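To start, the structure under review is shown below, and the notes come after it.
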Amino acid sequence: METLNHIVGLEPFLEILLAISLSVATGFRVFVPLAVLSAAAVYGQLDYPTEFDWIESPQALIVLSIACLLEIGGYYIPWFDNALDTLSTPAAVLAGTIVAASVTPDLNPIAQWTLALVAGGGTAGLTKGLTAILRGTSTAASGGLTNPILATIELVVAVGLSVLAIAVPVLAGLLVIGILVFAILKLRQFFAKEQPFAKEQPTQPDETAST
């Protein structure tokens, strides 16, 4: 009975919401959720599994905070922000996997790492794909002039979602559902535009063959 109560209990459900919400946040800024998690651990708000003890140290908080500031500044540099999207995509998937695994210690190890790889890394990659498309569209439409506005919105979402995931994971989960639905729709729209309008072009008759 205790095992059944643990499976259907509220705590694992909140951990899953926390994991997915933080993973989505890594898609907006890789180091913001990691820095927030480190700060929460250093100040005693969260406790992670032993394999993630490194994130609970003040030294890790300092390093992650510096990396966070550098990443934030990089997205305000014209044209470099687009290159940063490409470079940070694998990092976002990795960070999403790490944060998802670190906040689900009560799950079975197989379930923990399956969730981390699929939901954590997957949602982080999906969100990063969305931001790359939006930034590319912004660059094409304005020559990059509106990119700082987009970067600011992404930063606010990353910070807000990271803090909200720890404070009110249910509300963060609802916001994440909206973000993921929007991301899927935009990605489908993007790839639909990439397909040729005509599946098959009519062939022109060979005029020399008739003579």
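Some observations on this one:
- Note, ³J(HN,Hα) from phi for the stretch 43-54, Karplus 6.51, -1.76, 1.60, rounded to Hz, x at Gly and Pro: 8, x, 8, 9, 10, 10, x, 4, 5, 10, 4, 4
- Sorted by Cβ density within 10 Å, fewest first, the residues Leu155, Leu10: Leu10, Leu155
- Among Ile62, Ile179, the ranking by other beta carbons within 10 Å of each residue's beta carbon, starting with the fewest, stands as Ile62, Ile179.
- Annotation: the residues Lys193, Lys128, Lys186, sorted from fewest to most other C-beta atoms within 10 Å of their own C-beta, follow the order Lys193, Lys186, Lys128.
- The Rg/Rh ratio of the stretch 2-177, with Rg taken over Cα atoms and Rh as the Kirkwood radius over Cα pairs, comes to 1.00.
- For the stretch 107-161 versus the stretch 40-86, the spacing of their alpha-carbon centroids is 15 Å.
- Cβ charges +1 (Lys, Arg) and -1 (Asp, Glu), total dipole of the chain, debye: 540 debye
- Taking a Cβ cut-off of under 12 Å around Phe80, the surrounding Lys, Arg, Asp and Glu residues balance to a net charge of -2, with basic ones at +1 and acidic ones at -1.
- Relative contact order for the stretch 2-177: 36 percent, from Cα pairs under 8 Å spaced at least 6 residues apart, divided by residue count.
- Of the residues Thr139, Ala119, Gly27, the one whose Cα sits farthest towards the positive end of the charge dipole of the chain is Thr139 (charges of +1 on Lys and Arg Cβ, -1 on Asp and Glu Cβ, taken about the Cα centre).
No value in this document is a laboratory result; all are computed from the given coordinates. Every value quoted in this text rests on a predicted model; they were computed, and no experiment measured them. Neighbour counts are summed over all protein chains in view; Cβ atoms, including those assigned to glycine, are modelled from backbone coordinates with ideal geometry.
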